[in-house]
Structure formats: C-alpha cells, structure tokens
Amino acid sequence: MKTEIIVVAAGLGLRLNAKVPKAFVLLKDHPLLVYCLKVFNKHPDISGIVLVGVKEHLRVFDRLAFPFKKVRAVVAGGALRSDSVKCGLKALSPDAGIVLVHDAARPFIDNASIDRLLATLKKNKAAILGVPVKFTVKKVDRKTLNIQETPSRDLLWEAQTPQGFHKDLLVKAHAKKSKEEATDDAMMVERLGIKVKMVKGSYRNIKITTPEDIILARQLLNRRET
C-alpha cells in the first residue's frame with residue numbers, strides 16, 4: 001500500500017519563548033522543520049508528504065517545503081493538534097493506504113525507526129514508535145499532590161512519532177467526536193477499541209518543547225557531526 005506522511009508543524013512554540021512558530025526556530029543553521037523533511041523526503045517507502053503549518057505563515061512554510069519534491073501539499077492547521085491532523089488527512093492522495101503522523105518538533109527521526117514502524121504496519125492496523133521510560137514515574141492526586149501509585153517501569157513506554165495507521169482507521173478515529181482532547185492519534189484509535197502496537201524507537205528522537213530541549217538538540221547535532 002502507498003504510504004504518505006502528515007508532518008504537523010502548526011505549533012506556536014509558546015513554551016520555547018520563541019518569537020516565531022516552533023517549526024521556524026533555528027537549530028544550528030536550519031529551521032527545526034527542515035530536519036525531519038530531509039529524512040522523509042529521502043526515505044524510499046514514503047510516497048508523499050503533507051505539511052500542516054500555521055495559517056498566518058503559510059508562505060514561509062511553502063518556501064521551506066519547496067526543495068523537498070515529495071511534499072504534495074502545504075495546508076493550514078487548526079486550533080488543536082487533532083484539528084491539524086484532520087486538515088492533513090483531507091490533503092492526502094486518494095490512493096494512500098498507510099498514513100504516518102509526525103511532529104515537526106522531533107528533528108532526529110531516523111530511517112531505522114521508520115523501517116521498523118512500516119514493517120509492523122504490514123501485520124497491524126496501528127503502530128507507534130516509543131521507548132521504555134528510564135525513570136520512576138509516580139501517579140499523583142491533582143489536588144493534594146499525594147502519591148497514589150508507583151507504576152512498574154516495565155509497563156511504561158514514552159510515546160513518540162511517527163505514529164502509523166491504515167488510512168481508513170485514522171479517518172474514522174478523527175471523525176468520532178470526544179469530550180476529552182486526545183494527546184496523540186494513537187489515543188483516538190484506542191477509543192475505537194483497536195489495539196495499537198508499540199515499536200521500539202530511539203532515545204535520540206526527542207521532542208523540542210522547552211529552551212532546555214534546544215540545548216540538548218544542539219549537543220546531539222554536534223555529536224552526529226563529529
């Protein structure tokens with residue numbers, strides 16, 4: 001089946017204290033968005049890319065996407081992440097059978113992780129990248145801040161992107177309304193009663209959210225270049 005990817009880049013970067021959308025924040029010599037586009041554009045099993053950006057800055061998104069021939073559409077996102085993914089779904093080619101969804105804020109996605117994800121999707125309708133948590137996690141009462149539970153680390157994984165789905169399944173998940181906003185696409189698919197397979201990702205596949213993440217990302221780039 002033909003595989004296309006939705007790159008979600010509609011975040012404003014408020015927690016980064018950035019004056020520009022997060023996708024435009026410079027990481028060394030290039031905007032953050034460019035790093036993942038390079039990987040997806042070169043991957044032989046990805047047929048097309050749909051880029052979802054900030055409505056007020058679509059001209060800049062168009063310019064950044066221009067060198068990457070697999071980008072088939074640049075569309076405006078919505079107020080919520082789920083709205084942005086829905087906008088991306090509408091721009092996919094009709095013959096796309098597998099859809100990956102990736103956060104542009106994860107610049108260090110690698111081919112090996114993508115390969116493992118796509119291999120898993122040949123036998124499963126839904127799969128996501130992730131890594132086992134390294135630290136002890138506590139479940140805490142929101143009001144009192146008392147610890148309620150210490151889940152076993154053996155059961156806990158940190159979800160990453162890309163997340164992959166059969167296209168009809170993801171469209172169905174986004175068409176179903178819910179009172180609670182989903183934090184990722186896998187959560188929306190889980191609500192349909194579908195099992196989602198976890199695939200080993202990479203600890204390098206970090207998400208840029210705060211200024212401290214930018215510092216870490218620069219260090220990772222320096223290590224890669226030496």
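The values are calculated or read from the model by the stated rules, or taken from the named source; none is laboratory data. Predicted model, so just to flag it, every value in this text is computed and none were measured. Glycine also receives a Cβ, built like all others from the backbone with ideal geometry; neighbour counts cover every protein chain displayed. Quick note on the areas: whole protein, heavy atoms, side chains included, nothing else; ligands and nucleic acids left out. Shrake-Rupley method; radii C 1.70, N 1.55, O 1.52, S 1.80 Å.
What the table below lists for this structure:
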quantity	calculated
Any pair with Cβ under 7 angstrom, 6 or more apart, that starts in segment 181-200 at a residue that is over 18 Å from residue 171 (Cβ atoms) and ends at one that is in a helix (DSSP H, G or I) and open to solvent by less than 50 Å² (accessible area, probe 1.4 Å)	181/82; 197/120; 199/117; 199/120
Restricting segment 182-191 to residues that are of a type in the set (A, V, I, L, M) and in contact with a helix residue (DSSP H, G or I) (Cβ under 7 Å, 6 or more places away or on another chain), the residue that is surrounded by the most Cβ atoms within 10 Å (Cβ to Cβ)	189
Answer residue from segment 192-215, given it is closer than 16 Å to residue 102 by Cβ and among the small types (Gly, Ala, Ser) and is most open to solvent (accessible area, probe 1.4 Å) among those	202
Tally of residues being over 15 Å from residue 28 (Cβ atoms) and either among the hydroxyl-bearing types (Ser, Thr, Tyr) or more than 20 Å from the chain's Cα centre (by Cα) (or both) across segment 195-223	4
Test set (1) modelled with pLDDT of 95 or more; (2) under 28 Å from residue 181 (Cβ atoms) - residue 66 fails condition number	(2)
Some residue of segment 172-179 being within 15 Å of the chain's Cα centre (by Cα) and within 29 Å of residue 2 (Cα to Cα)	no
Segment 115-133 - residue that is among the charged types (D, E, K, R) and out of contact with any strand residue (DSSP E or B) (no Cβ under 6 Å at 6 or more places or on another chain) and, of those, least open to solvent (accessible area, probe 1.4 Å)	115
Any hit, segment 92-114, residues being open to solvent by 30 Å² or more (accessible area, probe 1.4 Å), touching a Phe, Trp or Tyr at 6+ places or on another chain (Cβ under 7 Å) and farther than 29 Å from residue 178 by Cβ	no
Those residues of segment 1-11 which are farther than 15 Å from residue 114 by Cα and either at pLDDT 85 or above or among the charged types (D, E, K, R) (or both), in sequence order	8, 9, 10, 11
Of all residues making up segment 134-181, the number that are open to solvent by less than 50 Å² (accessible area, probe 1.4 Å) and either of a type in the set (Lys, Arg) or in a strand (DSSP E or B) (or both)	9
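One line per residue, one yes/no per condition, for (1) free of Cβ contacts under 8 Å to residues at least 60 places away in the same chain; (2) over 17 Å from residue 165 (Cα atoms); (3) buried (at least 20 other Cβ atoms within 10 Å of the Cβ):
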| residue | (1), (2), (3) |
| --- | --- |
| 9 | no, yes, yes |
| 15 | no, yes, no |
| 21 | yes, yes, yes |
| 27 | no, yes, no |
| 40 | no, no, yes |
| 52 | yes, yes, yes |
